[in-house]
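The values are calculated or read from the model by the stated rules, or taken from the named source; none is laboratory data. The model shown is predicted, which means the values in this text are computed figures rather than measured ones. We place every Cβ from the backbone using ideal geometry, glycine too, and count neighbours over all the protein chains shown.
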Amino acid sequence: MSYSSQVIRRALSATGRVSTLVRTGIVAGVIVAAVAYPVAAISGLGLKAGATMLNELPTELPTTPPAQSTYVYANDGKTLLTMFYEEHRRFVPIAEVSPYLQQAIVASEDARFYQHTGVDTKGIARAFVANSRADTVEQGASTLTMQYVRMALRDGAQTAAQVRAATEQTSGRKLREVRLAVEVEKHLSKPEILEGYLNRAYFGHRAYGVFAAAEIFFSKRPADLTLSESATLAGLVQAPSAYDPASQDRQAATDRRNWVIDRMLELGYVSVKVAEAEQAKPIKLKLTEPPNDCVSVPDKRNAWGFFCDLFRNWWTSQEAFGDNPQQRADQLRRGGYRVVTSLDPDIQAAAQRHVRAKEGIGSPLAHGTVVVEPGSGLVKAMAVNRRYSLDQDRNGPHTSWSATVPSSYPNTVNPLLGGGGMPGYQAGSTFKWFVLLAALDAGLPLSTAIYAPQRYVSSYSGGGGGSGDCGGVWCPQNASKAMTGTQTMWSGFGKSVNTYFVQLQERVGAERAVRMAERLGMQWRSDVDRTMATPERANGWGAFTLGVSDTTPLEMASAYAVGAADGVYCDPLPVLSIKDSTGAEVTSPDPEGNPVPVADPRCRQAVSADVARAATDAARCPTGSGATRGSCGGWSTADQVAGIVGRPVAGKTGTTDNNRTAWFVGFTPELSAASFIADPDNPFNAVGEGNASKPIRSASQTLRDALAGVPVSGFRPPPPSIVR
């Protein structure tokens with residue numbers, strides 16, 4: 001049984017408690033006070049008072065496990081993304097700790113560890129005499145068991161006052177340690193106590209416990225530590241800063257190591273020949289700096305930081321980890337979980353390659369792609385032409401009128417792709433997807449024919465005096481005169497005919513389209529969007545179909561994925577599995593530990609399978625794939641997509657007024673990808689018509705590369721009943 005699961009439950013009678021302590025000497029408990037304070041400070045403390053104090057002290061040791069590091073991996077369960085911790089620590093069973101280190105700790109900290117029963121009366125007497133002569137604290141008398149008790153009390157503290165009580169230099173604290181140490185020795189074996197000590201001790205250089213110490217100083221597992229390395233670590237626990245060989249005088253660390261080896265020699269752990277040989281060696285470090293949080297994602301995988309940020313925000317929204325975001329964040333940093341995320345390194349690499357090839361990392365325009373899996377919501381990739389970094393001192397000039405505001409390029413930690421607090425970007429005609437689904441869901445067939453003029457006088461008020469204003473009535477127009485004529489859902493979607501979809505929205509009701517977007521995961525982030533989405537205003541939101549609401553690539557990839565998943569919508573999910581630290585070795589490929597069920601996909605039937613298949617058939621038109629049940633009208637807005645992807649693919653382009661943003665969302669039966677280009681610092685800064693093709697190509701090429709070697713599968717055609 002390991003230290004982390006020990007609970008001393010036995011309720012002892014008062015007689016039993018006192019008799020136990022008599023065996024180790026009540027006087028020893030009184031003398032302990034002299035170890036922490038000069039003799040004069042306890043001159044009034046006698047045998048009777050000491051016995052009373054001891055009898056009133058608790059005998060149950062809190063067994064709160066110390067904080068442990070959470071490890072976060074890519075979907076292969078091997079590639080480390082990052083770690084989260086307050087104190088870098090991993091539990092290691094005593095059997096996996098080098099015998100040299102076990103011996104070195106005993107030799108340097110408690111030579112009589114295997115002889116005493118928690119309190120070393122000889123050591124106390126020796127320290128008492130030394131401290132009495134000096135009238136100050138010259139020697140300590142804490143056994144390894146007492147030190148373990150102190151660390152357990154510290155780790156179990158819930159308040160600052162409890163931390164102080166566990167560590168302050170008072171006679172009361174020492175007496176409590178004595179009492180609890182005796183009880184611990186009755187219930188834990190010596191190896192278990194040593195195991196607990198080694199996993200809780202601080203070795204300096206941000207290394208808590210033997211696993212972290214071996215990793216940080218020597219880049220190896222505790223089982224592989226040599227005699228010299230073990231003696232070096234053992235020498236650190238008394239004064240971690242003073243003897244730190246990585247940041248202090250190496251000679252001080254060497255002298256301390258050699259002293260530990262001398263103590264091992266005295267106890268017969270090593271021979272004279274071995275001791276002399278080891279003491280002659282220099283201390284050789286191989287330092288490791290364990291990553292911590294998303295800003296510490298390794299440089300070669302820096303682009304993964306944006307996915308990491310999504311994961312962290314997702315974690316703090318899960319009620320299973322606490323009552324509020326702060327508690328959940330603490331649990332992430334202290335809980336010792338093993339998290340296997342949904343991030344696919346190969347798909348991520350493809351997305352990153354294509355994004356940065358089209359828009360350099362130093363561009364003020366943000367170009368990014370998100371890939372999710374239909375039917376599960378698993379987020380496979382999040383790529384953007386930015387470095388994930390807090391260092392923004394050398395960022396480029398801001399593109400808005402406010403030069404004093406920091407820009408987001410090339411370095412930022414803003415969630416540009418979704419999953420955080422940013423409002424996102426207008427997505428243009430990609431929002432026609434929601435009107436299409438709402439119309440099909442309301443019973444209108446794919447063949448619904450509507451004459452689409454170049455300019456249409458709608459039933460919606462607005463216009464604001466701009467080009468879309470016809471005397472207070474909204475009058476949208478098409479991007480091209482070639483769109484004029486009778487259109488169906490196939491051709492209207494394929495050519496992105498504005499005046500067709502405004503009329504389709506009028507027939508079905510704008511509120512139906514708004515509610516459809518909500519069913520597919522859309523959130524309203526701006527005050528304007530929240531106001532327009534209310535039941536009182538939604539039916540008058542005519543411009544909704546043209547994508548005037550803010551959204552993110554993560555939302556759009558998930559919303560379009562319902563077409564490939566027969567109408568099933570899944571919340572975006574960044575994890576495959578989470579295991580807790582119960583008996584877990586989280587750094588191994590197949591650890592133990594209990595699965596945490598929050599990693600299960602959260603899906604619901606948003607629309608019927610027939611509606612989803614019909615919408616997908618129309619969405620084949622923009623990509624050049626061709627519909628299976630109707631005519632796409634002879635041309636489309638992104639007919640190169642089918643040739644790039646090389647398999648059945650559906651999707652939709654989108655641009656906003658004056659080409660301020662450009663989008664493409666595409667999906668196959670296996671994956672859904674959303675790509676955009678915009679200026680996140682200044683939404684009025686147009687990306688330009690020449691950049692509109694970049695999202696189309698980035699998403700298409702990413703889908704192609706991600707599915708290389710995957711058998712080709714097609715979409716299921718819609719039934720005749722929903723076609724005409």
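Candidates are the residues of segment 665-718 that are over 23 Å from Phe493 (Cβ atoms) and touching a Lys or Arg at 6+ places or on another chain (Cβ under 6 Å); the one that is surrounded by the fewest Cβ atoms within 10 Å (Cβ to Cβ) is Val712. With respect to Ile216, is the statement that it is within 20 Å of Ala231 (Cβ to Cβ) and either of a type in the set (Lys, Arg) or in a helix (DSSP H, G or I) (or both) true? Yes, satisfied.
Rundown of residues vs (1) among the basic types (Lys, Arg); (2) outside the structural domain of Ala239 (by TED's automatic domain parsing); (3) under 19 Å from Ser241 (Cβ atoms), yes/no style:
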{"position": "Arg154", "(1), (2), (3)": "yes, no, yes"}
{"position": "Gln158", "(1), (2), (3)": "no, no, no"}
{"position": "Ala165", "(1), (2), (3)": "no, no, no"}
{"position": "Gln169", "(1), (2), (3)": "no, no, yes"}
{"position": "Lys174", "(1), (2), (3)": "yes, no, no"}
{"position": "Arg179", "(1), (2), (3)": "yes, no, no"}
{"position": "Glu192", "(1), (2), (3)": "no, no, no"}
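Contact map, segment 108-121: residues that are assigned by TED's automatic domain parsing to the domain that holds Leu188 and under 16 Å from Ala201 (Cα atoms) paired with residues that are outside any loop (DSSP other than H, G, I, E, B) and among the charged types (D, E, K, R), Cβ distance under 8 Å, separation 6+ or inter-chain. Pairs shown: Ser108/Arg263.
Scanning segment 447-498 for residues that are over 44 Å from the mean Cα position of the chain (by Cα) and assigned to a helix (DSSP H, G or I) yields Lys481, Ala482, Met483.
For segment 85-101, residues that are surrounded by fewer than 21 Cβ atoms within 10 Å (Cβ to Cβ) and of a type in the set (S, T, N, Q) total 0.
A residue that is in contact (Cβ under 8 Å) with a residue 60 or more places away in the chain, over 19 Å from the mean Cα position of the chain (by Cα) and more than 30 Å from Leu576 (Cα to Cα) can be found somewhere in segment 413-426. Residues that are free of Cβ contacts under 8 Å to residues at least 24 places away in the same chain, on the phi < 0 side of the Ramachandran plot and either under 41 Å from the mean Cα position of the chain (by Cα) or exposed (fewer than 14 other Cβ atoms within 10 Å of the Cβ) (or both) within segment 257-272 comprise Ser271, Val272, listed in sequence order.
Just one of the listed residues (Glu289, Glu319, Glu359) is acidic (Asp, Glu) and more than 19 Å from the chain's Cα centre (by Cα), namely Glu359.
Scanning segment 175-204 for residues being of a type in the set (A, V, I, L, M, F, W, C), in a helix (DSSP H, G or I) and under 22 Å from Ala234 (Cα atoms) gives a total of 4. For segment 147-170, which positions are in contact with a Phe, Trp or Tyr (Cβ under 9 Å, 6 or more places away or on another chain), surrounded by 21 or more Cβ atoms within 10 Å (Cβ to Cβ) and more than 20 Å from Ser108 (Cβ to Cβ)? Result: Ala152, single match.
Would you mind stating whether Asp571 is out of contact with any helix residue (DSSP H, G or I) (no Cβ under 6 Å at 6 or more places or on another chain), modelled with pLDDT under 95 and under 30 Å from Asp441 (Cα atoms)? It is false that Asp571 is out of contact with any helix residue (DSSP H, G or I) (no Cβ under 6 Å at 6 or more places or on another chain), modelled with pLDDT under 95 and under 30 Å from Asp441 (Cα atoms).
In segment 653-664, which residues are in contact with a helix residue (DSSP H, G or I) (Cβ under 6 Å, 6 or more places away or on another chain), surrounded by 23 or more Cβ atoms within 10 Å (Cβ to Cβ) and among the hydroxyl-bearing types (Ser, Thr, Tyr)? Thr655 - this is the single residue of segment 653-664 that is in contact with a helix residue (DSSP H, G or I) (Cβ under 6 Å, 6 or more places away or on another chain), surrounded by 23 or more Cβ atoms within 10 Å (Cβ to Cβ) and among the hydroxyl-bearing types (Ser, Thr, Tyr).
Scanning segment 406-436 for residues that are in contact with a strand residue (DSSP E or B) (Cβ under 6 Å, 6 or more places away or on another chain), assigned to a loop (DSSP other than H, G, I, E, B) and of a type in the set (Gly, Ala, Ser) gives Gly424, Ala427.
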